[in-house]
Amino acid sequence: MVVGCFDRYKIIYRVVFACAHIGHSDTLVAVRVIARSTLREFVETLKGTKNYAPVKSSLDAWFHEVEAAQWKNPAEVKAAYANASIVGNDRVVFNIKGNSFRLVVAVDYLRQVVFIKWLGSHADYDRIDAAKVNYAGKTDQK
């Protein structure tokens, strides 16, 4: 069925062939994370510190788990990540490396897209508004 869908719409998401019509229940759709480069850039700022390896490992694991997820609503996120915090209709806050770092994302459940909005230490997280913060933490401090 996926091949037929691919033939009709000519859409490729990474290695997974996905259908442009999300309504097909038998179609495999990979979650797209925008942008992984944000995770890599953050990890590079930790190079030479004790946090580098564990944060890199945690973010790599998070990325691959999310990429394979098929969340339809916040309850499904919470079922997969009991320690995640749901903030508003689309925002989710994930604990990284225990509770030392926080990752704020916006999830578009219909399109299966996760947008990275903010990533930083727990102390820095306490100074932002997770419901409003935008990419790179450029707006909406508490």
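The values are calculated or read from the model by the stated rules, or taken from the named source; none is laboratory data. Please read these numbers as outputs of a predicted model, since none were measured by experiment. Methodologically, a virtual Cβ is constructed for each residue, glycine included, from the backbone with ideal geometry; neighbour enumeration extends over all protein chains shown.
Could you tell me which numbered condition Val107 fails, if it satisfies all but one of (1) assigned to a strand (DSSP E or B); (2) among the aliphatic types (A, V, I, L, M); (3) in contact with a Phe, Trp or Tyr (Cβ under 6 Å, 6 or more places away or on another chain)?
(3)
Being closer than 14 Å to Val66 by Cβ, of a type in the set (A, V, I, L, M), in contact with a helix residue (DSSP H, G or I) (Cβ under 7 Å, 6 or more places away or on another chain) and in contact (Cβ under 8 Å) with a residue 12 or more places away in the chain is the filter here; which residues of the stretch 82-101 pass it?
Val92, Ile96
Could you say whether any residue in the stretch 67-81 is modelled with pLDDT of 95 or more, surrounded by 14 or more Cβ atoms within 10 Å (Cβ to Cβ) and touching a helix residue (DSSP H, G or I) at 6+ places or on another chain (Cβ under 6 Å)?
No, that holds for no residue.
Just need a number here: residues in the stretch 71-104 that are part of a loop (DSSP other than H, G, I, E, B) and either within 24 Å of Ser57 (Cβ to Cβ) or among the β-branched types (Val, Ile, Thr) (or both).
Total meeting the criteria: 9.
Which of the residues belonging to the stretch 106-115 are surrounded by 16 or more Cβ atoms within 10 Å (Cβ to Cβ) and free of Cβ contacts under 8 Å to residues at least 40 places away in the same chain?
Listed by number, the residues that qualify are Ala106, Val107, Tyr109.
If you go through the stretch 89-133 one residue at a time, how many are over 21 Å from Ala30 (Cα atoms) and either charged (D, E, K, R) or outside the structural domain of Ala53 (by TED's automatic domain parsing) (or both)?
Looking only at that region, the number is 7.
Matching residues to (1) modelled with pLDDT of 90 or more; (2) surrounded by fewer than 18 Cβ atoms within 10 Å (Cβ to Cβ); (3) in a loop (DSSP other than H, G, I, E, B); (4) in contact with a Cys (Cβ under 7 Å, 6 or more places away or on another chain):
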{"residue": "Cys19", "(1), (2), (3), (4)": "no, no, yes, yes"}
{"residue": "His24", "(1), (2), (3), (4)": "no, yes, yes, yes"}
{"residue": "Thr38", "(1), (2), (3), (4)": "yes, no, no, no"}
{"residue": "Glu41", "(1), (2), (3), (4)": "yes, yes, no, no"}
{"residue": "Glu44", "(1), (2), (3), (4)": "yes, yes, no, no"}
{"residue": "Lys47", "(1), (2), (3), (4)": "yes, yes, yes, no"}
{"residue": "Lys56", "(1), (2), (3), (4)": "yes, no, no, no"}
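Would you check which residues across the stretch 36-81 are out of contact with any strand residue (DSSP E or B) (no Cβ under 7 Å at 6 or more places or on another chain) and acidic (Asp, Glu) and list them?
Glu41, Glu44, Asp60, Glu65, Glu76
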